[in-house]
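The values are calculated or read from the model by the stated rules, or taken from the named source; none is laboratory data. What you are looking at is a predicted structure, and each value in this text was computed from that prediction instead of being measured. Please note that ligands, DNA and RNA were not included when accessible areas were found on the heavy atoms of the full protein model with its side chains. Shrake-Rupley method; radii C 1.70, N 1.55, O 1.52, S 1.80 Å.
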Amino acid sequence: MTRLENTVRAAVDDLAATAPRAHDLATAARFQGRRIRRRRRTITGLAAVVLLSAVLVPYAVVDGRRSAPPPTPVAPPPSELPPAPVVSRQWWKEPIRLPGGFVVTAVSQTLERQIDGKTGTSTVANGNLVLDRATGSYRILAPRYQTVIGAPAGRYALVYRANRIGIADTTTGEVRQLGYGPATPLGAQWSPDGTKLLVTQDRGMRFVDPATGTHRDVDTPGGLKECADECFFGWLAGGTEISLPQRRAGSRDVAGIQVYSPETGAVLRTVPFPSSPVSGQNAVSPDGRYVLVDPDPRDRTRRMFVEAGTGRIAGTFVGSGQMHFVAADLILVVSSAEARLYDLSGRLLQTTQMPPGLAGRRISVGRL
Amino acid sequence: MKESLEAEFTAFVADRGQTLLRIAHALTGDRGAAEDLVQGALAKAYARWPRIHSDAEAYVRKIIYNDRVSLWRRIGHREVPVAEPPDRPHARRPDQEVADRMAVRAALLSLPARQRAVLVLRYLEDRSVEETAEVLGCRPGTVASQASRALAKLRDLVGDADERTYSTGGLR
C-alpha cells in the first residue's frame, strides 16, 4: 500500500471519527418507517379508493354509517362568502391568502434541498420561507433547516433540523437555536395564539416561550407509558388544555385521550376517542367543539372530526391534504396544489390554486 | 409490528447506530447530512423489518451507500471543483502526516459520491473489491477503475508522499 493510500485510510478514519453522536435514531426512524409503510399501503389501495370516491361524492363525505347524525351546516352559502382569493404571480411579495381568511405562514424547502442543502442559492422557489407579518412578504431562511413551521399567529416560526429545534423571528430572520427537540417536527406544536410552543419530551411537556427561548417543564409520569403510536401532546381549544392519545392496555388500538392541565400536568379527564388527534396546527375547532382525528393511520386520505367532550364521531372527510379548522363550521384542506374550503357536511365552498413553486413542499397556515 | 421485532429494531439501532453514522459522515463530511442519511436508511429498514431483520446491517449499509450515490446523481451533481487546491507540502515537517491527512480529507470531499463511496468501503470498512462491488451493485472492474481514478485525483490534488522530494528540513 502506498503512502497515499495510508493517508487516505487515515483521512477517512478521521472523517468517521468526527461523526455526530447518535441521538434517538430509533424513534425518528420508526416514525418515518411507519409513514413509508402507510404510503406503500395507500398506493396499493389507491385505485380502489379513487373508484369508491368517484361513485360516492366528488371529494368529501360525511360517513353516515359510523357516525352520529351530521352537524347541521351553519356555514354561509358560497354566495355569501368573500370571493375566493386568487394568488398573484409574484406571490412571495404578499401573503398568500387562502379561503376562510387564512394565509400561508411558512413553506419548507424542497426535498432535494432538505437532503443536500448546501447546493446553490436558496430562492423562493426552493428555500425555507416564513411570512413576515409586519411587511407582508416572505423571508428566506437558511437551507440548513429541514422543516419550517409557522405559528398560527404572531411573529415566530419553528425551524427543525436533526432532532433539534430553533425559533425564527420572522421580522428579522434571526434564529435562536435550542439544544433539544423531539424526534420528529410533529412533536412540537404552536399554541393557537402563537405565544407558546409545546414540545413532547421523554418525561412530559415542555412549554417554550419563543420570545426569550426559556422553557418550563411539566412532567406527566405515566402518561407517555401508555401512549398511542403517534405519541404527541397537542393543544386543545383556546390553548388552555393539552391532549395526549392513549392506547388500550396490551393493544395498539387507541382508547382515547387524556386531557392535561398545562399548568400542573394533572390529568383533568379521559375521553374515549376512536383514534389519535391529528398532529399539527388547527386540529381543534375554534369553539372547542370538534377535534380532527386520524381514523386509520394506514390511510392518510381520511380524517374524522369528533366531539371533543365525548369522542363521538361527527363526520368523515375523504381527500388528501392537511386539514385545518378555520372556523367552528369550516374546514380548510391544504395541499401544495390547492386549498379547498368545506363546511362540515362536506360541501365544497371555495378553492384557491397554490402557486406552482410550492409543489411538494410542507406548508403552514394561520391567521394574518 | 410484533413487540419482539420492535425491541429487536431498537436494540439494533442502539448497537449499530454510531457505526452507521461514522460511515455516513465519512461519505458526506456533514453532520446533518450524515444524520439524515442514517435516519432515512433506518426508516426504510424499519418499514421492512420483519423481512430483513436477520440481515439488517447489510441492508442498512447498502441503503446508506446507494442513497448517497443516487441522490448525488438525481439532483445533478457533478464533481465539485476545489476552488483552491490544497497546498502541496514542499517540506517534510514533524506534523507532515497530519497536514497530509487534512489535505486528503478536504480533497476527499471534493470527489464524486460514487468514488468517495468506493474509498470509504475499501479503506474504512476494509472491503474487498468484490464486496465493494456487491454493496454498490456494480462490477468489480468498475470498483477498481473508480478507486484508481479517485486515487489519481487525490494524487493530483495533494501529491503523493512517496513521490515527494523534500527540499528542506532536518528529517531528510
Between the alpha carbon centres of the range B:136-156 and the range A:220-263 the gap in Å comes to 54 Å
Heavy-atom accessible surface buried between B and A, both sides counted, 1.4 angstrom probe, nearest 100 Å², is 4500 Å²
Reachable lysines from B:Lys62, criterion Cα separation under 27 angstrom, eight or more residues apart if same chain | A:Lys118, B:Lys2, B:Lys44, B:Lys153
Can you sort A:Asp229, B:Asp55, A:Asp14 by 1.4 Å-probe accessible area, starting with the largest?
-> B:Asp55, A:Asp229, A:Asp14
Enter the accessible area of A:Thr123 (Å², nearest 10), with the probe set to 1.4 Å and all protein chains included.
-> 60 Å²
For A:Phe102, solvent-accessible area (1.4 Å; no DNA, RNA or ligand), Å² | 10 Å²
Just read off the accessible area of A:Leu368 with the full protein assembly in place, 1.4 Å probe, to the nearest 10 Å².
-> 100 Å²
